[in-house]
Amino acid sequence: MKYNTFLIKYAEIGTKGRNRYKFEDVLCQQIKNHVARLGEFSVRREYGRIFLYAESDYDYEDLIKELQKVFGIVGICPIVIEETVEFEAIRDKVISYVQEVYGDKAVTFKVNARRTNKAFPMSSMEMNSELGHFVLEACPNMKVDVHKPDVMLNVEVRSQVYIYSHVIKGAGGLPVGTNGKAMLLLSGGIDSPVAGYMISKRGVELEAVYFNAPPYTSERAKQKVVDLARIVSGYSGKIRLHIVNFTDIQLAIYEKCPHEELTIIMRRYMMKIAEEIAKKNDCLALITGESIGQVASQTMHSLACTNEVCTMPVFRPCIGMDKQEIVDISEMIDTYETSILPYEDCCTIFVAKHPVTKPILEIIKRSEEKLADVIDDLMQQALDTVEVVEAKVEDLQA
Amino acid sequence: MTQEVYFDNAATTKIIPEVREIMLETMDVEYGNPSSMHLKGVGAEKYIRYAKNAISKQLKCEPKEIIFTSGGTEANNLALLGVVEANKRSGNHIITTGIEHASVYNPILHLEELGFRVTFLRVDSEGKVDLEHLREELCDETILVSTMAVNNEIGTVEPIEEIATIIQAYNKGHDKNILYHVDAIQAFGKQIIYPKRIGIDVMSISGHKIHGPKGSGALFVDNKVKIKPILFGGGQEKGIRSGTENTAAIAGLGKATEVMYDRLEENVQQLQLVKQTLIEKATALDGVTDNSGEAPHIASLSFRGVRSEVLLHALEDKGIYVSAGSACSSNHPAVSGVLKAIDLDKELLESTLRFSFCEYNTVEEAEYTVKVLGELLPVLRKFTRK
């Protein structure tokens, strides 16, 4: 069956009171952005519903896959429309729809008619039983089951009549752009892309920061992070990726501070730099992929210690998740294969064999004093030499 | 603009204008299928004939003893799997060395899984095959010996003539027909090899190591050798390598062969000059040692206290492209089998780089590289993983 119209269902934004129209506008715009590459489409809002119309030829599988990446959508229903709001016309359309989609397979069904158009002379109950009767007559192998039907045959009578029986699950969440912008610390590992995805799902736009350490890390490691940002941008919309050259700061820490504190001190400076860049770019929060206890730098003590340098809220959506749960999401959003490419990142190059797991803030601060004469200049230099890459999902195939 | 120095010619080389030109002819004008009966086919077939002649002239063999493949990997696979399949009734023992390229090593592992017995010959501290070990291992069950001519990581020139002599002597004394395959991919174009005179039965070559195109290669198969195809199809190349001939790649390989052997002597002189300059000046630096063999185009140097991957990227930053003697990163602890086989100091296994040259490289480039190394090494040594 070739569909030209899709009913887009959204749940949560329906509850946002007077802001509702703003949310719907954003969702419509997001849908347009996502499907633009796949053909000519128009998006229309009618009576508190969103409809997507195909105006040109398109690939059904590709379209559904793309719509499933739009946050804010809970269901996608391919529908057929009957313009004549009369019972005979509706009946014929319903029968031809059922015959085409289900043939005469032995499935159970239930008609679920609704009418918002009260001018229509039949009640919903009458519609249900009449249409059910005609479907049974046309498809003798089908059976009615009003409790657990295989097929829920929806017939909505409005100014037109909408017929559909498939509801394809959407991503859920809120449309991106309804909740401000945040800065994601993207490392190249498994967790940070997942963290970005999860926050973006709540309607948040993303920017990202990556700490590069040439020549200790390679061009390929950087390319990997750009690719990860591109994959995440397939959900969140384009991501401005800020690439910071972190080598000199790292070497200064290596030279002057106790080796087992290197990672924790490094992370504190990363957070500081990320926050600076976030402020400059109108971000209201930071996002990290940290999960309690996963590695030495993510114990409660370490997290408290790194968090101390930030004034912005730091969102850590993976915080209570096990590694496997994070991996599951990364596989679902398609970042896993890229994340596990074996390139050294700046967190691992100088890592101590036995890093501190219970850092004490006062001691860490005292160690940092040894950097006092150089660190301001190094931080400034790092901020002045940031390279910005615009990560867009389209460029993944380029 | 930093100077660009490409010292990774054992990985691949750039295409020279003569090669590009002949390839374009086969794409723009003589684009026919060499098997077609009409004139367009005949026109394309001429390029195949030309390339066979160009290569057979340098190997002093017959043109029909050259089988074109999609590159060195396929040539090695065909040599090993094809020869073993055709001769498996004579025995089930294969001899090779512990320092072969993956495109020899892995097909042999595959054969081992299929039930063949495999002996990996020892090499000495220079990477040369232990001939005594070979003499001990040759036996009634042996069907094939496979060794490389020049090692791709450290440039050892293997004693292929001696190996061939030992095999022939054994064959004569025991009325056997053990075959000898040589992976000559790093040697071809840099030295003269006449397989039939030496006693090599099958020999692999590749185009992109000698300024030819990637995806070009060939296998010399002596007329008297039984070999079976590993790809089946339209029966091209005497049925040993089916598939429409890649005219562009084949013509390019032929032309590259011709050009390289025309200038062989002066090329080798230039290669040696650059190699010697680099080795002499670099080993004068603190903590730099030389592992290189005699091949004129490959130098292997170890840098104590510096991780090869880091040095590689630091050189890259200065426009110098080399390759790591071993692939190492925290997630990829695989250390080069060759460096291990020559018993390199453990500390140096992950501190070794390969510099490989072509005749377009200059002494100035070698001097520039050493100057950069002199600047980088002290800095990098200050910062190492504790």
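Applying the criterion of being among the acidic types (Asp, Glu) and surrounded by 15 or more Cβ atoms within 10 Å (Cβ to Cβ) to the residues of segment B:346-386, the residue that is farthest from the other protein chains (Cβ to nearest Cβ) is B:Glu359.
Can you find a residue that is assigned to a strand (DSSP E or B), under 20 Å from A:Thr247 (Cα atoms), within 14 Å of chain B (Cβ to nearest Cβ) and touching a residue at least 40 places away in the same chain (Cβ under 8 Å) anywhere in segment A:198-216? Checked against the condition, which is being assigned to a strand (DSSP E or B), under 20 Å from A:Thr247 (Cα atoms), within 14 Å of chain B (Cβ to nearest Cβ) and touching a residue at least 40 places away in the same chain (Cβ under 8 Å), segment A:198-216 yields at least one hit. For segment B:234-256, which positions are farther than 16 Å from B:His211 by Cβ, among the basic types (Lys, Arg) and surrounded by 20 or more Cβ atoms within 10 Å (Cβ to Cβ)? Passing the criteria: only B:Arg241.
Between B:Gly189, B:Gly115, B:Gly173, the distinction of being in contact with a Lys or Arg (Cβ under 9 Å, 6 or more places away or on another chain), assigned by TED's automatic domain parsing to the domain that holds B:Phe220 and among the small types (Gly, Ala, Ser) belongs to B:Gly189 only. Considering each of B:Thr142, B:Thr119, B:Thr96 in turn, give the residue that is touching a residue at least 24 places away in the same chain (Cβ under 8 Å), within 20 Å of the chain's Cα centre (by Cα) and either more than 23 Å from B:Pro195 (Cα to Cα) or crowded, with 22+ Cβ neighbours inside 10 Å (or both). Only one candidate qualifies: B:Thr96. Scanning segment B:145-179 for residues that are surrounded by 14 or more Cβ atoms within 10 Å (Cβ to Cβ), within 20 Å of the chain's Cα centre (by Cα) and not aliphatic (A, V, I, L, M) yields a count of 10. Of B:Gly155, B:Gly233, B:Gly239, B:Gly199, all but one fail to be under 29 Å from B:Leu24 (Cβ atoms) and either assigned by TED's automatic domain parsing to the domain that holds B:Gly91 or in contact with a Leu (Cβ under 9 Å, 6 or more places away or on another chain) (or both); the exception is B:Gly233.
Residues of segment B:257-271 include none that is in contact with a helix residue (DSSP H, G or I) (Cβ under 8 Å, 6 or more places away or on another chain), assigned to a loop (DSSP other than H, G, I, E, B) and surrounded by 16 or more Cβ atoms within 10 Å (Cβ to Cβ). The residues in segment B:197-230 that are farther than 20 Å from B:Leu144 by Cβ and aliphatic (A, V, I, L, M) can be counted, and the count is 1. Filtered by the rule that a residue be away from chain A (no Cβ under 14 Å), touching a strand residue (DSSP E or B) at 6+ places or on another chain (Cβ under 9 Å) and under 15 Å from B:Thr384 (Cα atoms), segment B:288-314 gives a lone residue, B:Arg304. Residues in segment A:40-54 that are more than 10 Å from A:Ile8 (Cβ to Cβ), out of contact with any Leu (no Cβ under 7 Å at 6 or more places or on another chain) and modelled with pLDDT of 95 or more: A:Glu40, A:Ser42, A:Tyr53, A:Ala54. As a summary of the residue check, A:Gly172 satisfies the conditions (1) surrounded by 19 or more Cβ atoms within 10 Å (Cβ to Cβ); (2) within 30 Å of A:Ala285 (Cβ to Cβ) except for the one numbered (1). A single entry from B:Thr277, B:Thr283, B:Thr247 fulfils the requirement of being more than 13 Å from every other protein chain (Cβ to nearest Cβ), without any contact (Cβ under 8 Å) to a residue 40 or more places away in the chain, of a type in the set (S, T, N, Q) and touching an Asp or Glu at 6+ places or on another chain (Cβ under 9 Å): B:Thr283. Restricted to helices (runs of 4 or more DSSP H) entirely inside segment A:261-361, those with at least 1 residues that are within 14 Å of another protein chain (Cβ to nearest Cβ) and surrounded by 16 or more Cβ atoms within 10 Å (Cβ to Cβ) are A:262-280, A:336-339.
Residue count for segment A:1-54, restricted to those that are of a type in the set (Lys, Arg) and assigned to a helix (DSSP H, G or I): 5.
The values are calculated or read from the model by the stated rules, or taken from the named source; none is laboratory data. This structure is a prediction, so every number in the text was calculated from the model and none was measured. FYI the Cβ positions are ideal-geometry reconstructions off the backbone, even for glycines, and counts take in every protein chain you see.
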